[in-house]
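The values are calculated or read from the model by the stated rules, or taken from the named source; none is laboratory data. Source: prediction; values computed, not measured. No Cβ is skipped: glycine too gets one built from the backbone with ideal geometry, and neighbour counts run over all protein chains shown. All accessible areas refer to the heavy atoms of the entire protein, side chains included, with ligands and DNA or RNA removed. Shrake-Rupley method; radii C 1.70, N 1.55, O 1.52, S 1.80 Å.
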Amino acid sequence: MKALLLILSLALANTALAQDARLLAEAKKEGKLIIYGSLEQDIFEGVRRSFEKKAGIPVEYWRASGAAVLERVTTERRAGKAVFDVVINNAGPMEIMLADGAFVIYKSPLTKNFPAEFIHPRLGPSYRLGVVGIVYNKSIIPPDKAPKTLEDLLKPQYKGKLAFPDPTRGAVSLMWPASLYKLMGKDRADDYLRRLAATKPIIVEGVLNAAERATTGETPLAISYLKYVATFGQKGAPLDYVRMDKMLGHSHAIALSSKAQHPSAGKAFIDHFLSDDSLRIIAKHGEFVTRKGIYPPIPDVDKIQIVEMDELDTNGFAEKRKEYRKIFFQ
């Protein structure tokens, strides 16, 4: 029986290698690849270099915010001039583009490596999660004096010391408070936000700005991405984060254009992007990839249970912006 299983596994491996070789051969004939995405340029560069070295196919990458990527894809498609082959973006815009017919289903053979709960039936694996929590400057607030829970931020000693991303502007800045009910229930979450506003947090443009203020100590606490503990820490900033059993995060995906001019190159890149080698490159930058066993260089992150934030539609965003304007700015 063991010998039979070994033979079958070797046969499957050889088949996969043959398919990969055929796909790469077809991809090379197409000559290049065009990708639009919200994945940060410095992270993408590592993946791009490894793909170009393996495949010998030049990659053009246009990077912008999730909303800007959505707008450009939509504009090009409506004009009948879509030039992108692959899109990398967070889940909300990806769902909108999917519903608009921007993508074709491509089931990468690497999909099997991801937990079932992170596999979208049409978009494939959610390859990473942007995890948001409390980060702080440990040179100003020692770990034993730091808050232990979200409720601790309501204590008098933290009044005016929290950098809070403007919930009336960025998508993540709004999705985080809008999804707090998943951690503490609706009534408690609504009450919590009103009480948090009463502590006079310093409202900043977005999650990056919040983390930057914590690194300088100007505002020693921040609601921000945990990944900045790694990225700013690698530059010497004394950032740490509050360990909580559950934290909110939002997913990101990669998909092939339904009008791809270089479809084989697009499929080959998606396969490469979802490989362990690429995911390790992404994780080195502090990102929480969903492949089990690959973690960012941040202590104790393997113990966090990540709860996905709600992805709101246009009306949902408008309603929440109105609500948060009253809570935080009046």
(message) Name the residue that is modelled with the lowest pLDDT, counting only residues in region 193-240 that are within 20 Å of the chain's Cα centre (by Cα) and hydroxyl-bearing (Ser, Thr, Tyr).
(response) 231
(request) Give just the number: which of (1) without any contact (Cβ under 8 Å) to a residue 60 or more places away in the chain; (2) assigned to a loop (DSSP other than H, G, I, E, B); (3) in contact with a Ser or Thr (Cβ under 9 Å, 6 or more places away or on another chain) does residue 80 not satisfy? (result) (3)
(request) Could you figure out which of (1) within 27 Å of residue 174 (Cβ to Cβ); (2) of a type in the set (A, V, I, L, M, F, W, C); (3) modelled with pLDDT of 95 or more; (4) open to solvent by 10 Å² or more (accessible area, probe 1.4 Å) isn't true of residue 88? (result) (4)
(request) Those residues that are open to solvent by 10 Å² or more (accessible area, probe 1.4 Å), more than 30 Å from residue 242 (Cα to Cα), in a loop (DSSP other than H, G, I, E, B) and in contact (Cβ under 8 Å) with a residue 60 or more places away in the chain, I need them from region 106-132; list them, please. (result) 106, 123
(request) Can you confirm whether region 71-84 contains a residue that is open to solvent by 20 Å² or more (accessible area, probe 1.4 Å), under 22 Å from the mean Cα position of the chain (by Cα), among the charged types (D, E, K, R) and under 20 Å from residue 281 (Cα atoms)? (result) no
(message) Of all residues being in contact with a Pro (Cβ under 8 Å, 6 or more places away or on another chain) and not in a helix (DSSP H, G or I) in region 206-222, which is nearest to residue 149 (Cα to Cα)? Just the residue, please.
(response) 221
(request) Quick one: count up the residues across region 296-330 that are under 14 Å from the mean Cα position of the chain (by Cα) and hydroxyl-bearing (Ser, Thr, Tyr). (result) 0
(request) Give the number of residues within region 91-102 that are more than 18 Å from residue 309 (Cα to Cα) and either of a type in the set (D, E, K, R) or open to solvent by less than 20 Å² (accessible area, probe 1.4 Å) (or both). (result) 4
(request) Any chance you could count how many residues in region 133-161 are in contact with a Phe, Trp or Tyr (Cβ under 8 Å, 6 or more places away or on another chain) and either in a loop (DSSP other than H, G, I, E, B) or surrounded by 23 or more Cβ atoms within 10 Å (Cβ to Cβ) (or both)? (result) 6
(message) Can you find a residue that is part of a helix (DSSP H, G or I), open to solvent by less than 50 Å² (accessible area, probe 1.4 Å), modelled with pLDDT of 95 or more and within 28 Å of residue 102 (Cβ to Cβ) anywhere in region 49-68?
(response) yes
(request) Would you kindly identify the strands (runs of 3 or more DSSP E) lying entirely within region 223-330 that contain at least 1 residues that are open to solvent by less than 20 Å² (accessible area, probe 1.4 Å)? (result) 239-241, 246-257
(request) Name every residue in region 284-330 that is of a type in the set (A, V, I, L, M) and closer than 18 Å to residue 182 by Cα, in order of residue number. (result) 304, 306, 307, 309, 312
